[in-house]
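Visitor: Let me begin by handing over the structure; questions about it come next.
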Amino acid sequence: MAKQAAGAAGQNRNRIRTDATVVLLATIGIALVGNALLLRVPARVDLTETKAHTLSPESAVAARALEGVSITVYISKRLPESIPTQGGKTSLKGVDRAFRDKIDEYVAASDGKLRLVYADQDVPNAGSIEEQAEAAKLELFSSTEAQVEGNQLKFARYALGATFHYKSVTEALPKALEPGFFEFEITKRLLRLRDKHEQSQLMKDVLSDGKRLHESVKKCADAIREVTKDSAEGQAAGLDLTKLATDQKGLQQKLEAGKPKMEGDCAAVSQVLADSTKKLEGRSEFVDNLLKSSQQFFNIYNELHRYLRGEGPKEVPTEAALPQLVNMLDQIGREVEQRHQTLVDSPGQRKIGFFCGHMEFCPFAERDSLMDPQMAAMIQNNQMMKQIAETAQQISSAIDQTNSRVGDGLFSKQGYAITKVESGKPIPSDIAALVVFGPRSSIPDYDRYQLDQFLLSGRPVAVFAQQWEVAINNMVPPKEIGQDVRLDHTALERTGSDLPATLAPYGIVLGNDLVIDPRHSDTVRVMELLNRGGMRFQSERDFAYPLIPVFTDFSRNHALSRSIQSMSIPYVTTVSVKPELKNDSRFEVHELIKSAPEALARDSGLSANPLALQQAVVNQSGTGPHVVAVVVRGPFKSAFAGKEPPRRPKPKPRLDQFGPPEKDESEDEYALVKRNFKPDGQGKILVLGSNMGIEGLSRSAVLRDFNAANMSKFSVEALQQYQEWQARFQNWQIRITQVSHLLQENLRFLSNVLDWATAHEALADIRSKGDTRRPMTEVKAEDARTLRIAAMVGTPLLLIVLGFGRMRFRRRRVELAATAVRDARS
Amino acid sequence: MKPVLVIARRELAATFDSPIAYIAATVFLIATGLMFFFGIDGGEDFFEARQATVRPLFDSAPWVLAVILPAVTMRLVAEEKKSGTLELLVTLPVSDLEIIIGKLLGAMGFLVVALALTAVFPLLVLQLGSPDIGAIVGGYLGLFLIGTTFLALGVMTSTWTHNQIVAFILGLLLCIFFWTATDALIKLAFERPPMALTLLTFKQQFASFSKGVIDLRNIIYFASVIAVAVAASTWTLRSRNWK
């Protein structure tokens, strides 16, 4: 009986154990399966105010717009923790997942129209994911950690990006490292894909001839590379022309041995180039660039060919001529490849013109040389003047290089097609939008007329004003030779801009003042020269600067500003719209950016010195809010109505002696201008009262008084001028550095404006979503300390007091209960 | 349901009757305050950064919760086991699951109070700027979920032993492991870890909450861990029946 009972109890125990274990295992199983099933389901709620982490309706529309778009995603299997960036390092934790999630969201929103493929390294012969990404023109990046491979220390390269394919066109997202901007980047590519496809249909012949030309050059370049393989490898490892020169004989032998192959593979270049030039020349600047590079390639190939056939180049070759020719062919071959890619990418790109010639921000190199060759020859005998002229030339080249690099980095590489609109010339008809960026000198009548007619043609105009030049600790050239350079020029000066008069006919009032906000201001980074024990040190300090107000009041009704939370805009002037325009229902007026009510707007009695300015305005009551940016759309009237259109100024003589001289405007041309005059028209214009810290660098501003004629005779003034040029160039650098911490955000706004101007308003809105910064009121150091202590100590103290109170209450209750029990007992 | 609530209320009262709750809450507030104002992991000083955001709180609080919450849960079952009151409890008409859930709910009461006390930080930010309220709500929801997960793990370790200190150390190790160490271990074990494994880290799962995004996958993940911890605790409690 007892045995039976024990057996039953044992069975019961086993049953309980089995049941409990089954429940536990089932829970684990359900948890695993549930998580695995949901892994690819992006069901989520975005609680942020701007829905920063949710696809905008425009993005969803872009995802559904094209049937059969395929997205190939390239993600390295193991990404680094962080990558080096300018300001230190950027964490990549979770970035790959965020990218996958974002792509998944697009696929889910596309109603099956987007197809998603992940690049896989297990596909035979496809290479690693990084190799596949590189082949797809993605940008690989390195981590901060190097790895030892063989005897070398190497930085591993990684891929995180995607390509978008639709029929014959492709767009690449080369590097996706900023989760906040994934949506912008993807939607931008989807929109481009559509435009590109539509336009490439119209440019089919250009693209196919361009492709033929590119392929013929590539075949030739590849043949030369193959024939000179070892040398090319040597070049890849680091070009050593001296070594190559000593190996010239070996190289020559290789080239001679490979001559039949080279001749065979390069034979087509001449014919294809001739055909393409005939058919394509002048069709677009992208085609012209491709033709130019291909022609250059062909010329150098001919030189090489002649050399190998023993005919010899026209000039006696130097020792390293042959390796140099091979190297140049390799480089130009790559350039042809790039030019072809630019041509392939060009369909559907809308050109943005930058107004130039009024000391504004103009991101292009000057075409003319600084000095005419005759004058340069005249000063050859005067060593001092020659040196000064060379320095001026160097400054001029530095300006050109800086501008080209800025234009390339900020615009071309971001996918904007920008072009220079020169002063004194008509605006090309293929320009889709015009940017006038901080002119500091007056705009001549002819240019104003061009601007006027452009606006009335319905194409957008974006104007960024620079009414003031703010110098803080700028460089002062010494008055006497041998004296030290001083770094103490601090001043507020008006620029020579006449933008207020230019904009007035369109009902836009650009003030002559500056907005000052002592309570909501960003900092300026000031360089100081300190004397310590006879030694001079250079140091940098950040000062709160009321001339750089932080703006937080943005119009929520316009795509340009809807999602922006904050912007620090330096040296900004007020902008307003005349009441008659505001009250006219035909006009749409948006006041995009307003200052805080505490801000002031002053046009005199200001100091540029940060401390003095802060002291002067800190107790003054505000006169804000002041509007600093507006967008106006409506039927504008021409500023030239009832006037004769200005005549085109006489073209300046070309200094470089290349190309035909420009002709004067003929009577027929002028008659045509008069006939085409538009007295009114629907237009849209944006005006911001600041250059956002992006100050123009131009030859006319830096080498303001450069006069080649004065160079021919030695003078002390010329020497002083030379020092002033250098000071002006360095002051530009100083001023840019002082506000460099604001540039990244402000450039984003500029990109928004360019998207708005090129009819992709939705992109501006989407880009702004990525910026989630929200500024906080500045708190004085002593207040900050008090707040810290109150928050960190106050609450715990309160909690402890409550705890003691509760414990005392409990003790009392227990004592009372004990007393009651005692009383009851007694 | 009623017995669960009775147990929960009793546990919550017991927690606040002992000084441990006050010490834990005080340490939690001071530590999060320090990290909030002075930055964590190379972060910037709050007043110098001048950004109206509560992100520093959401970045720092899980670390502190991982240390504090096992101290709150260590006594929940271990003390009852040691003092023998657990036997008394199981004779009542409540299931083992109800006991565990009741105790967990009681501990969650403490978590809610502790989180509520940190409201002083968002209130300060609100006073000085206009933070994104949605992101704050999301962050607090995330903290609540991760806190509950830590509590569930703490309750689980408390069922494994009679000794509160052992329960605390085990709970602490588990919480820290899941919060951050999984990352390092996965990387040690795999040269190219599969994505599913990398998602095991609580940090990864918590990240989107602090941005203001409530992702169903993250909720399901934390709910799964809580459910498994509760099931494991129940299993351990039940194991007295076959030992």
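The values are calculated or read from the model by the stated rules, or taken from the named source; none is laboratory data. Treat the numbers as computed from the prediction; the structure is a model and nothing was measured. Every residue, glycine among them, receives a Cβ derived from its backbone with ideal geometry; neighbour counts consider all protein chains shown. Ligands, DNA and RNA are excluded from the accessible area calculation, which covers all protein heavy atoms including side chains. Shrake-Rupley method; radii C 1.70, N 1.55, O 1.52, S 1.80 Å.
Visitor: Kindly indicate which of A:Glu256, A:Glu215 is modelled with pLDDT under 85, in a helix (DSSP H, G or I) and open to solvent by 30 Å² or more (accessible area, probe 1.4 Å).
Guide: Every option except A:Glu256 fails the conditions.
Visitor: Sort out which residues of the stretch A:603-620 are touching a residue at least 12 places away in the same chain (Cβ under 8 Å) and either part of a loop (DSSP other than H, G, I, E, B) or surrounded by fewer than 16 Cβ atoms within 10 Å (Cβ to Cβ) (or both), and write them in order of number.
Guide: Scanning the stretch A:603-620 gives A:Asp603, A:Leu606, A:Ser607, A:Ala608, A:Asn609, A:Leu611, A:Val618, A:Gln620.
Visitor: Since A:Ala65 meets every condition but one in (1) away from every other protein chain (no Cβ under 12 Å); (2) closer than 15 Å to A:Glu183 by Cβ, which condition does it not meet?
Guide: (2)
Visitor: Report those helices (runs of 4 or more DSSP H) wholly inside the stretch B:1-87 carrying at least 2 residues which are basic (Lys, Arg) and away from chain A (no Cβ under 13 Å).
Guide: Per the criteria, B:2-17, B:55-83.
Visitor: Enumerate the pairs (first residue in the stretch A:414-431 and free of Cβ contacts under 8 Å to residues at least 40 places away in the same chain and in the same structural domain as A:Ile186 (by TED's automatic domain parsing); second residue anywhere and open to solvent by 50 Å² or more (accessible area, probe 1.4 Å) and assigned to a loop (DSSP other than H, G, I, E, B)) with beta-carbon separation below 8 Å, excluding pairs fewer than 6 apart on the same chain, so at least 6 apart or on different chains.
Guide: Pairs found: none.
Visitor: Additional query: What number of residues in the stretch A:351-391 are at positive phi and in contact with a Phe, Trp or Tyr (Cβ under 8 Å, 6 or more places away or on another chain)?
Guide: The number of residues fulfilling the criteria is 0.
Visitor: Kindly indicate the residue of the stretch A:802-826 that is at the interface with chain B (Cβ under 9 Å from one of its Cβ atoms) and open to solvent by 100 Å² or more (accessible area, probe 1.4 Å) and also nearest to B:Phe47 (Cα to Cα) among those meeting that condition.
Guide: That would be A:Leu802.
Visitor: Restricting attention to the stretch A:386-438, and to residues there that are within 30 Å of A:Leu503 (Cα to Cα) and of a type in the set (D, E, K, R), which single residue is least open to solvent (accessible area, probe 1.4 Å)?
Guide: Looking at residues that are within 30 Å of A:Leu503 (Cα to Cα) and of a type in the set (D, E, K, R), I get A:Asp400.
Visitor: Next up: State the number of residues belonging to the stretch B:226-235 that are facing chain A (nearest Cβ under 9 Å) and open to solvent by less than 30 Å² (accessible area, probe 1.4 Å).
Guide: Going through the stretch B:226-235 one residue at a time, the tally reaches 4.
Visitor: Filtering the stretch A:69-84 down to residues that are touching a Leu at 6+ places or on another chain (Cβ under 9 Å) and open to solvent by 30 Å² or more (accessible area, probe 1.4 Å), which residue is farthest from A:Pro174 (Cα to Cα)?
Guide: Within the stretch A:69-84, the match that is farthest from A:Pro174 (Cα to Cα) is A:Glu81.
Visitor: Please find, among A:Leu742, A:Leu747, A:Leu799, A:Leu787, the residue that is within 14 Å of chain B (Cβ to nearest Cβ) and under 17 Å from the mean Cα position of the chain (by Cα).
Guide: Sole residue among the options that is within 14 Å of chain B (Cβ to nearest Cβ) and under 17 Å from the mean Cα position of the chain (by Cα): A:Leu742.
Visitor: Right, something else. Anything in the stretch B:73-98 that is of a type in the set (A, V, I, L, M, F, W, C) and surrounded by 20 or more Cβ atoms within 10 Å (Cβ to Cβ)? List them, or say none.
Guide: B:Met74, B:Leu76, B:Val77, B:Ala78
Visitor: What is the one condition in (1) part of a helix (DSSP H, G or I); (2) modelled with pLDDT of 85 or more that A:Gln721 does not satisfy?
Guide: (2)
Visitor: Give me the pairs, please: first residue somewhere in the stretch A:90-118 and open to solvent by 40 Å² or more (accessible area, probe 1.4 Å), second residue anywhere and part of a helix (DSSP H, G or I), beta-carbon distance under 6 Å, and either six or more positions apart or on two chains.
Guide: A:Asp111/A:Arg64; A:Lys113/A:Arg64; A:Leu116/A:Val107
Visitor: Give the number of residues within the stretch B:121-136 that are surrounded by 19 or more Cβ atoms within 10 Å (Cβ to Cβ) and free of Cβ contacts under 8 Å to residues at least 12 places away in the same chain.
Guide: 1
Visitor: Taking the residues in the stretch B:137-191 that are within 14 Å of another protein chain (Cβ to nearest Cβ) and outside any helix (DSSP H, G or I) as candidates, determine which candidate is least open to solvent (accessible area, probe 1.4 Å).
Guide: So, considering only residues that are within 14 Å of another protein chain (Cβ to nearest Cβ) and outside any helix (DSSP H, G or I), the one least open to solvent (accessible area, probe 1.4 Å) is B:Phe190.
Visitor: Which of (1) within 14 Å of chain B (Cβ to nearest Cβ); (2) more than 27 Å from the chain's Cα centre (by Cα); (3) surrounded by fewer than 17 Cβ atoms within 10 Å (Cβ to Cβ); (4) basic (Lys, Arg) is the odd one out, the single condition A:Arg519 does not satisfy?
Guide: A:Arg519 satisfies every listed condition except (3).
Visitor: Determine which single condition A:His53 fails, assuming it passes every other condition in (1) under 25 Å from the mean Cα position of the chain (by Cα); (2) within 14 Å of another protein chain (Cβ to nearest Cβ); (3) within 25 Å of A:Leu140 (Cβ to Cβ).
Guide: Result: A:His53 passes all but (3).
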